[in-house]
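Colleague: I have a structure here, written as C-alpha cells, and I will follow up with some questions on it.
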Amino acid sequence: MCKLSKKSVALMFSGALLMLLLIWGSYQSIHYTSKTEFCLSCHSMSTVAAEYQQSIHFKNASGVRAECQDCHIPPGIIPTLVRKTQAVSELYYQWISPSINTPEKFEAKRLELAHKEWLRMTESNSAACKSCHSYQAMDHGRQSSSAAQQMSTAAGKDSQCIDCHKGIAHRKPDTSSGFRDDFKKLEQQAQQLPESKELFTLTDKKITASANGEAGKAQLMPATKVTVLASQDQQIQIEITGWRENSGRGRVITQYPGKRVFSAVLDDSLLPAVKVLTQQQDTVSNQQWEQISVTAWTSREGFSSSLQPVWQYAESMLKSTCSSCHSTPPTTQYNANGWIAGLKAMSTYYRLSKQEESTLLKYLQTHASDTRE
C-alpha cells in the first residue's frame, strides 16, 4: 500500500476543516435568521410585527411565547432547509422590488400572502402547530364542552389546525373581495340582455302580471332559469317552469318536487296565469306536487345566458366564506333540504348579504347529495 504524502494529508485535513466550517456557518446562519428579532427587523414586517405583539402567541398567562419560526418554519432538517431556500426569493421583494414596504401595500397583498401561508401549513399537515399542540397531549376535561367536542372530532380525523385557527397571530384578511369582484363583473355583463331565449337570474328580481303592472311581492330567486317570450321597451315577458305543492295557496315555485330549492314566489296577480303541466307524488313526504308554468314580466337587466359563471361566483363565495374558519365542506355534505338548516347554523360566523346568502344556498342545494348529477 502506498503511503499518503504530507501534501495529501494536508489537503484532506483542509477539506474536512472547510466542510466543518461550512456546516457550522450554515447552522449559525439558519439559527440567526430564524430568530424573531431578525424576522421583525425588516421595515416591511412592521405591520405583522404589531399584530403579533398584540396576540396571545406573544403574551399569555402561561408565559410560553410562540416565536416566528415556531409557526412559519416546519420542524425537521429537510423541511427547514426547503423553507429557507424558498425564503431567498423574499430578499428580492425586500431590497430590489419592495411590494409590502408600506401598510397600504401590505394590506393590498394580505389575502395573497395569507393564502400562501395557509397552503404551506396545509401541505405540512400543520406540522409546525402540532409540534407544540399535540392531539394526544390534550386534556379534554379541562376544555370547554364546545372546544372538547370540536377537538375530539378534529383528533379523530387528524384535521389541519389551520382549517379552524386562522387569525390567531395576525389579522385575518377580508376574503370577500374576490367573489364580490366576480359579481361586479357579472353585473356589468348583464347590463344588456343577452341574445338568448334561455336566461338565468343573477339576483332576486321583481315580476309582474303585465309589462306596466305595479310590482307586488312576486319575485324570481337567484339562478332561476326562464324562457324569453317577448319584449316591450325595457321589459321582457318570460315563462317560468317549476313545481308547487298541490295543497296550499300555490305561491311558491320550487326547482324540484319535494325539495325547497326556490325558483320564484307569486302573488295574487300572477296566480290566474298558472298552467298545470303534470302531477307527481313525492315518495318521501307522500305529498302531491304539480309541475306548472307561468308567464310574467320583468326588467331586462340582471340576466346571464349561462349558469356556469353564476356557479363560479357562488363557488368562490363558498370557499372564501368557509375558509376563514375551516376547510370548505363538500356540497354533498347535506341533501337539498338539509342545506337550509346547515347554512343557517353557520350564519353567525359569516358576513353575507341576504342576496349573497340566497345565491350561495341555491348553489349548495343544486349540488347537494340528492340533486347533484
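The values are calculated or read from the model by the stated rules, or taken from the named source; none is laboratory data. Keep in mind that this is a model prediction, so the values were computed, not measured. With ideal geometry, Cβ positions are generated from the backbone for all residues, glycine too; neighbour counts draw on all protein chains shown.
Colleague: Of everything in the stretch 7-41, what is in a helix (DSSP H, G or I), in contact with an Asp or Glu (Cβ under 9 Å, 6 or more places away or on another chain) and of a type in the set (Ser, Thr, Tyr)? Give them in sequence order.
Modeller: Thr36
Colleague: Hey, any hits in the stretch 173-186 for a residue that's part of a loop (DSSP other than H, G, I, E, B) and modelled with pLDDT of 85 or more?
Modeller: No, that holds for no residue.
Colleague: Give the residues of the stretch 43-62 that are modelled with pLDDT under 85 and over 14 Å from Leu113 (Cβ atoms), sorted by residue number.
Modeller: Of everything in the stretch 43-62, just one residue is modelled with pLDDT under 85 and over 14 Å from Leu113 (Cβ atoms), namely His43.
Colleague: Still on this structure, I have one more. I'm trying to understand the selection: among the residues of the stretch 281-311, which are surrounded by 15 or more Cβ atoms within 10 Å (Cβ to Cβ) and part of a helix (DSSP H, G or I)?
Modeller: Those that are surrounded by 15 or more Cβ atoms within 10 Å (Cβ to Cβ) and part of a helix (DSSP H, G or I): Pro309, Val310, Trp311.
Colleague: Could you pull out the residue among Gln281, Gln287, Gln291 that is assigned by TED's automatic domain parsing to the domain that holds Met221, under 30 Å from Ala230 (Cβ atoms), of a type in the set (S, T, N, Q) and without any contact (Cβ under 8 Å) to a residue 60 or more places away in the chain?
Modeller: The match here is Gln291.
Colleague: Filter the stretch 203-220 down to the residues that are surrounded by fewer than 23 Cβ atoms within 10 Å (Cβ to Cβ) and either of a type in the set (A, V, I, L, M) or under 32 Å from the mean Cα position of the chain (by Cα) (or both) and list them by number.
Modeller: If the condition is that a residue be surrounded by fewer than 23 Cβ atoms within 10 Å (Cβ to Cβ) and either of a type in the set (A, V, I, L, M) or under 32 Å from the mean Cα position of the chain (by Cα) (or both), then Thr203, Asp204, Lys205, Lys206, Ala209, Ala211, Ala215, Gln219 are the ones that fit.
Table: residues versus (1) among the aromatic types (Phe, Trp, Tyr); (2) surrounded by 15 or more Cβ atoms within 10 Å (Cβ to Cβ); (3) without any contact (Cβ under 8 Å) to a residue 40 or more places away in the chain.
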residue: Cys132; (1), (2), (3): no, no, no
residue: Asp139; (1), (2), (3): no, no, yes
residue: Ala147; (1), (2), (3): no, no, yes
residue: Met151; (1), (2), (3): no, yes, yes
residue: Gly156; (1), (2), (3): no, no, yes
residue: Gln160; (1), (2), (3): no, yes, no
residue: Pro173; (1), (2), (3): no, yes, no
residue: Lys184; (1), (2), (3): no, no, yes
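Colleague: Inside the stretch 121-161, can you point out the residues that are at pLDDT below 90 and either under 22 Å from Ser316 (Cβ atoms) or among the acidic types (Asp, Glu) (or both)?
Modeller: Met121, Thr122, Glu123, Asp158, Gln160 - these are the residues of the stretch 121-161 that are at pLDDT below 90 and either under 22 Å from Ser316 (Cβ atoms) or among the acidic types (Asp, Glu) (or both).
Colleague: For the condition within 22 Å of Cys129 (Cβ to Cβ) and either among the charged types (D, E, K, R) or not assigned by TED's automatic domain parsing to the domain that holds Thr85 (or both), what is the one hit in Glu51, Glu37?
Modeller: Sole residue among the options that is within 22 Å of Cys129 (Cβ to Cβ) and either among the charged types (D, E, K, R) or not assigned by TED's automatic domain parsing to the domain that holds Thr85 (or both): Glu51.
Colleague: From the list Lys362, Lys344, pick out the single residue that is outside any loop (DSSP other than H, G, I, E, B), at pLDDT 90 or above and more than 11 Å from the chain's Cα centre (by Cα).
Modeller: Criteria check complete, one pass: Lys362.
Colleague: For the stretch 229-250, how many residues are under 34 Å from the mean Cα position of the chain (by Cα) and surrounded by fewer than 21 Cβ atoms within 10 Å (Cβ to Cβ)?
Modeller: 1
Colleague: Identify all residues within the stretch 312-341 that are assigned to a helix (DSSP H, G or I), under 11 Å from the mean Cα position of the chain (by Cα) and of a type outside the set (Ser, Thr, Tyr); write none if there are none.
Modeller: Residues satisfying the conditions are Ala314, Glu315, Met317, Leu318, Lys319, Cys322.
Colleague: Please go through the stretch 260-292 and pick out each residue that is among the basic types (Lys, Arg) and more than 25 Å from Leu202 (Cα to Cα).
Modeller: The answer is Lys275, and nothing else.
Colleague: Of all residues in the stretch 260-280, how many are buried (at least 16 other Cβ atoms within 10 Å of the Cβ), not in a loop (DSSP other than H, G, I, E, B) and not small (Gly, Ala, Ser)?
Modeller: 3
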